[in-house]
Amino acid sequence: MSATHVKRVLAAQSIELPSWAFGNSGTRFKVFPQPGVPRDPFEKLADAAQVHRHTGAAGTVALHIPWDKVDDYAALTSRAEDLGIGIGTINANTFQDDDYRLGSVCHPDPAVRRKATDHLLECVDIMDATGSADLKLWFADGTNYPGQDSITARQDRLAAVLDEVYARLGEGQRLLLEYKLFEPAFYTTDVPDWGTAYAHTLRLGPKAKVVIDTGHHAPGTNIEFIVAVLLREGKLGGFDFNSRFYADDDLMVGAADPFQLFRILCELASHDALEPGSGIAYMLDQCHNIEAKIPGQIRSVMNVQEATAKALLVDRDALAKAQAAGDVLGANAVLMDAYNTDVRPLLAELREEQGLDPDPMRAYAASGYTEHVTADRLGGTAAGWGA
Ligand code: AFD
Ligand code: MN
């Protein structure tokens, strides 16, 4: 693909930011609060808008309910528009209420399942209010000990809840089911892998798709294989991009394994799925526990842009020819040639053409935004795991 075409695709690329990335976060051992952290969803939008302002590629923000609940979603939506961004995916949360100790949608008690289902239906109501297209469902449900509950019965309970939520979806709305290998449950997780998520979304129908969170696999998993299979089945709804070294570390995407990110995006490029309108939601799902949050999000967007540019540079005709000829080294060389291309000049050129500083990190640092919000956001309660 020519540099011009690569820049065209990059100029249209939109990487959705997680509202929760801007709040305080940490691990079960410690949350290190940072100064200037937003205190409400409106301030989270202001921070997210800085990422879009300097990258030009992060035009929507995913909300997390109830952390981002507001009285007036029309006001929140118009605030986003005033900031030059939009409201994106709605993320449900059935993992923090005391009633969910033994699960939520898979809980043995029908009253708890009803409570969880009502929360999911409330999230669809919010989608109606914000104009969001996607409901993202990740369930912490699982068990910690053999014998604790019936694995099959839990799948049946999950299916019944998903049926009810799926039936509630309106025109143009989708249900994106996200899997995760483990955590917080340690013996079984009720949606642990792509196969389980695929089976449920296949049964539900065409408005149900799978979300691949790149931090949610066993070490060594070939994620691009999962991408290729789900794309081929028309069941890839999107990504939660992040990085992991061991477990689900929620680190900056591309920071741990940029080659893996490139290989994932190569599968999307080979299906022309990097273009807008592909139906694939490209989202970040990260927590910046020890690094500054807005620059961490800017770097993450830049990492996705660089991997995307490299994936688009793969000479697909030469690759197909080498593959057909069984030219192992030749085919690998075609891919590595693209991966080893320094695309930073191309991206700097694109940014200048867009009227942006070619170096978003430098531009943000020079903007004085961090100093402004640190001085301005005194008092109140900083957003975090609970807010
Ligand atoms: C947690 C879960 C999952 C989910 C995210 C937002 O592990 O990745 O997508 O919260 O709810 O990180
Ligand atoms: Mn996720």
**Message:** Out of the residues in segment 366-387 meeting the condition of being among the small types (Gly, Ala, Ser) and under 25 Å from the mean Cα position of the chain (by Cα), tell me which one is modelled with the lowest pLDDT.
**Reply:** Ala387
**Request:** Any residue in segment 50-66 that's in contact (Cβ under 8 Å) with a residue 24 or more places away in the chain: show its pairings with residues that are aromatic (Phe, Trp, Tyr) at Cβ separation under 6 Å, as long as the two are six or more apart or on different chains.
**Result:** Gln50/Tyr369; His54/Tyr364; His64/Trp20
**Residue selected from segment 220-252 under the condition of a type in the set (Asp, Glu) and within 11 Å of ligand 1 (Cβ to nearest atom), by the criterion nearest to Ala269 (Cα to Cα)** = Asp240
**Asked** Among the listed residues Val304, Val314, which satisfies the condition of being within 21 Å of Gly237 (Cα to Cα), of a type in the set (A, V, I, L, M), in contact (Cβ under 8 Å) with a residue 12 or more places away in the chain and crowded, with 21+ Cβ neighbours inside 10 Å?
**Response** Val304
**Asked** Counting only residues that are among the aromatic types (Phe, Trp, Tyr), closer than 30 Å to Lys310 by Cβ and free of Cβ contacts under 8 Å to residues at least 24 places away in the same chain, how many does segment 1-38 have?
**Response** 0
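One line per residue, one yes/no per condition, for (1) in a loop (DSSP other than H, G, I, E, B); (2) away from ligand 1 (no atom under 13 Å from the Cβ); (3) of a type outside the set (D, E, K, R):
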| site | (1), (2), (3) |
| --- | --- |
| His5 | no, yes, yes |
| Val9 | no, yes, yes |
| Trp20 | no, no, yes |
| Phe29 | yes, yes, yes |
| Arg53 | no, yes, no |
| Thr89 | no, no, yes |
| Phe95 | yes, no, yes |
**Filter result for Asp68 (assigned to a loop (DSSP other than H, G, I, E, B), away from ligand 1 (no atom under 16 Å from the Cβ) and crowded, with 20+ Cβ neighbours inside 10 Å)** = no
**Asked** Can you tell which of Ser78, Ser25, Ser2 is polar (S, T, N, Q) and at pLDDT below 95?
**Response** Ser2
**Asked** Out of curiosity, is Ala382 within 28 Å of Gly238 (Cβ to Cβ) and surrounded by 14 or more Cβ atoms within 10 Å (Cβ to Cβ)?
**Response** no
**Where Tyr246 falls short, out of the listed (1) under 21 Å from Asp193 (Cβ atoms); (2) touching a residue at least 60 places away in the same chain (Cβ under 8 Å)** = (2)
**Fill in**
Residues of segment 72-111 being surrounded by fewer than 21 Cβ atoms within 10 Å (Cβ to Cβ) and touching a residue at least 60 places away in the same chain (Cβ under 8 Å), in sequence order, are Phe95, Gln96
**Item:** Qualifying positions in segment 328-345 - β-branched (Val, Ile, Thr) and either at pLDDT below 95 or in a helix (DSSP H, G or I) (or both)
**Value:** Val328, Val334
**Request:** Exactly one condition in (1) of a type outside the set (A, V, I, L, M); (2) farther than 30 Å from Ala75 by Cβ; (3) within 15 Å of ligand 1 (Cβ to nearest atom) is not met by Ser132; state its number.
**Result:** (2)
**Qualifying positions in segment 236-255 - of a type in the set (A, V, I, L, M, F, W, C) and either under 14 Å from His217 (Cβ atoms) or in contact with a helix residue (DSSP H, G or I) (Cβ under 8 Å, 6 or more places away or on another chain) (or both)** = Leu236, Phe239, Phe241, Phe245, Ala247, Met252, Val253, Ala255
**Message:** Condition (residue is of a type outside the set (D, E, K, R), more than 16 Å from ligand 2 (Cβ to nearest atom) and either crowded, with 23+ Cβ neighbours inside 10 Å or within 27 Å of Leu284 (Cβ to Cβ) (or both)) applied to segment 175-197: is it met by at least one residue?
**Reply:** yes
**Prompt:** Out of (1) more than 30 Å from Leu76 (Cα to Cα); (2) crowded, with 18+ Cβ neighbours inside 10 Å; (3) touching a residue at least 60 places away in the same chain (Cβ under 8 Å), the odd one out for Trp138 is which?
**Reply:** (1)
**Message:** Among (1) open to solvent by less than 10 Å² (accessible area, probe 1.4 Å); (2) part of a helix (DSSP H, G or I); (3) farther than 22 Å from Val6 by Cα, there is one condition Ala309 misses while meeting the rest; what is its number?
**Reply:** (3)
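The values are calculated or read from the model by the stated rules, or taken from the named source; none is laboratory data. These figures come from a predicted structure and were not determined experimentally. As a convention, Cβ positions derive from the backbone with ideal geometry for all residues, glycine included, and neighbour counts pool all protein chains shown. All accessible areas refer to the heavy atoms of the entire protein, side chains included, with ligands and DNA or RNA removed. Shrake-Rupley method; radii C 1.70, N 1.55, O 1.52, S 1.80 Å.
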